[in-house]
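Below: one structure, written as structure tokens.
Please treat every number below as a calculation from the coordinates, not as lab data. These numbers come from a predicted model, not from an experiment. We place every Cβ from the backbone using ideal geometry, glycine too, and count neighbours over all the protein chains shown.
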Amino acid sequence: MNKQMLLQELSAIVGKNQVLTNEETLREGEGLNRQYAKLFGVYQNPLPLALVRVDSVEQVSRVLRYCNDKLIQVIPRTGASSGEGLLEVREENTIILDASPMNKLIELDTYNMMATVQCGYPLERLEELANREGLTTGHSPQSRPLAHMGGLVATRSIGQFSTYYGGIEDMLCGMEGVLPNGEIIRIRSVPRRSSGPDLRHLLMGSEGALGVITEVTVKLFPYYPDSMWKGGYIVQNMEVGFEAIREVMVKGYKPSVVRLYDKADIDYNFGSVALNDEEAFMFFTAEGPPEIARATGDAIHSIAGKYNARYVGTQAVEHWLVHRNDLCVKMTDPAVLEKVKQTHVGYATTEISASWSEIKKIYADVLRRLPAEIDGLVMLGGHVSHSYINGTNIYFVYMLKLKSPETAYAEHTKLVWAICEEVLKYDTGGCVHHHGMGKQRVKFARREHGSSYQLMEGIKNMMDPNGIMSKGNLIEAYEEV
């Protein structure tokens, strides 16, 4: 199809001013992906045909129906804070569907403890609104200053207080979405149902590859900021910390924050605790009614003592609470970006999960393998940030001195793949905990899912038979690196 005609027909659907084609806008449409290369004016992916802004579910429906008929690739986005190649354009025949203008609050139902918002509603705004009512969303990912609600559901997000409130899958009540053929669907906000597979999970975590999430209803929780218990401890090493946290979780306590940092991680990211080489910093917060928070804190303090953890008070915990989302500011701070440009050293993270017995092995394996294999590794560390009765996660953090803007993505991907390979050697290892696989980690989707991968392929083929939605997410479609 003639490009000019295509743009005219899209403009007829959403309005001429909502179809953006200027080069700068198209360059930035992929969000934070390949940011290092972009600092040097290096753009390695094709430009999309247009960035198409939509402000209603009806417009989303009409745009998808049109693109499905014309076989035009579609990448939906809201806050555009994601990495992992989720929003990367790999084919010229692509539009970016920007649903951030769909930013209305539909209902704040304080009696039934639910909030319903359009997909482009900012999480930070919803949290502030809930707080004024004595409530909280309970959801606080590091991307909170940037994140919109639709993207959080699409990437199966998790927040920093997950041990108490759960992940987005525990908060989502119902939703509205649009299938690739333009059909609008709604999943009602029922407290629980036993009527077959949970259909919320088709679009939740779908990474834009199965449709567009246009509206979500999430739970609200009572907010008790004044009764939060906090406690920080220095433990002999990471392995001791793993064991202490395991006991807290296995005994059934529900702290809101459970964190364990090795020296490299705490030194680089916060610098709030002085650790010897092998030591680790472990800390907790507990929320809820004052009686519950206090009882949970007392129990944690007792368990920590069993592992000879040295109590260091609350100052470092309070420092973390204030500075935990600074990375969002750093990612767009001109001074920080200029330093990256001058030093050629980039910072990134890769999050994984495993059972209690295997997470310790994975941590040791990765810390052994990467320094021996990855050129330019400047710093490597890790922390625990989300724990469960049957296991926990690790955020591996690292700094990498990059050889050139042109090779930076391949250099970083080599490191990410090395971590994934170590994780998937173990039966309970999950090579992506909450960022989404995107295009950077989808190479491991078949190994991650095992024999059930055929279900993922079947769902994709059923819901998106023309393959127009976020090609390369969920199902590998492009050869990386």
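Each of Glu291 and Lys251 was given a label point 7 Å from its Cα along the Cα-to-Cβ line. The distance between the two points is 2.0 nm.
Each residue of the range 166-181 is assigned a 3J(HN,Hα), and the resulting list reads x, x, 4, 5, 8, 9, 6, 9, x, 6, 10, x, 10, 6, x, 7 Hz, derived from the Karplus form 6.51 cos²θ - 1.76 cosθ + 1.60 (θ = phi - 60°), x at Gly and Pro. The residues packed around Glu58, meaning those with a beta-carbon under 15 Å from its beta-carbon, carry a net charge of +1 if Lys and Arg are +1 and Asp and Glu are -1. Taking the centroid of alpha carbons for each part, the range 107-127 and the range 248-294 are 29 Å apart.
To the nearest 20 Debye, how big is the dipole of the chain about its Cα centre, given +1 on the beta carbon of each Lys and Arg and -1 on that of each Asp and Glu? All intermediate terms of the calculation are to be shown ahead of the outcome.
Numbers: 50 positive and 59 negative charges, 65 e Å.
Charge dipole, the chain, about its Cα centre: 320 debye, nearest 20.
Kindly identify the range 379-481 as rounded, prolate or oblate by the Cα gyration tensor criterion: order the square roots of the eigenvalues as a ≥ b ≥ c, call it rounded if a/c is under 1.5, otherwise compare a/b with b/c, prolate if a/b is larger, else oblate. Oblate is the answer for the range 379-481, as a/c is 1.5 or above yet b/c matches or exceeds a/b.
Listed highest first by mean packing, meaning other Cβ atoms within 10 Å per residue, what order do 21-33, 202-214, 407-419, 68-80 come in? If you can, show how the numbers build up before the last one.
Values: 21-33: 16.3, 202-214: 26.1, 407-419: 19.1, 68-80: 21.7.
With the highest mean Cβ count within 10 Å placed first, the list reads 202-214, 68-80, 407-419, 21-33.
From the Cα gyration tensor of the range 3-98, with a ≥ b ≥ c the square roots of its eigenvalues, which class applies: rounded if a/c is under 1.5, or else prolate if a/b is larger than b/c, or else oblate? Intermediate results must be reported in sequence, preceding the final value.
Numbers: a/c = 1.95, a/b = 1.72, b/c = 1.13.
Prolate, since a/c reaches 1.5 and a/b exceeds b/c.
3J(HN,Hα) couplings calculated from phi for the range 143-150 with the Karplus curve 6.51 cos²θ - 1.76 cosθ + 1.60 (θ = phi - 60°) are, in sequence order, 7, 3, x, 10, 7, 10, 5, x Hz; Gly and Pro show x.
Local charge for Gly376 was computed over the other residues whose Cβ lies under 13 Å away, with Lys and Arg +1 and Asp and Glu -1, and equals 0.
Averaging sequence separations of C-alpha pairs under 8 Å and six or more residues apart, then dividing by the length of the chain, give the relative contact order as a whole percent. Display every interim value, and only then the final one.
On the way: 992 pairs, mean separation 77.3, N = 481.
That works out to 16 percent.
Against the main long axis of the alpha-carbon atoms of the chain, helix 334-343 sits at an angle near 80°. Counted over all Cα-Cα pairs of the range 25-161, pairs farther apart than 19 Å make up 55 percent. Which of rounded, prolate, oblate describes the range 227-321, given a ≥ b ≥ c as roots of the alpha-carbon gyration tensor eigenvalues and a/c under 1.5 marking rounded, otherwise prolate only if a/b is larger than b/c? It is oblate, given that a/c is not under 1.5 and a/b is not larger than b/c.
Give me Rg over Rh for the chain, both radii from the alpha carbons and Rh done the Kirkwood way, two decimal places. Walk me through the intermediate numbers first.
Values: Rg = 22.4 Å, Rh = 23.3 Å.
A ratio of 0.96.
By DSSP, the beta bridges lying fully in the chain are antiparallel in about 85 percent of cases.
Note on the range 105-222: Rg/Rh from C-alpha atoms, Kirkwood Rh, equals 0.94.
The phi-based Karplus calculation (6.51 cos²θ - 1.76 cosθ + 1.60; θ = phi - 60°) puts the 3J(HN,Hα) values of the range 427-434 at 4, 9, x, x, 7, 8, 8, 7 Hz, whole numbers, x for Gly and Pro. Against the chain, whose longest principal axis is taken from its Cα atoms, helix 57-70 shows a tilt of about 60°.
Set the bar at 19 Å for Cα to Cα. Now go through Lys70/Lys439; Lys339/Lys439; Lys414/Lys443; Lys230/Lys254; Lys263/Lys306 and name every pair that lies beyond it. Kindly include the intermediate steps, with their values, before the conclusion.
Numbers: Lys70/Lys439 24 Å; Lys339/Lys439 28 Å; Lys414/Lys443 12 Å; Lys230/Lys254 13 Å; Lys263/Lys306 22 Å.
From the list (Lys70/Lys439; Lys339/Lys439; Lys414/Lys443; Lys230/Lys254; Lys263/Lys306), the Cα-Cα distance tops 19 Å for Lys70/Lys439; Lys339/Lys439; Lys263/Lys306.
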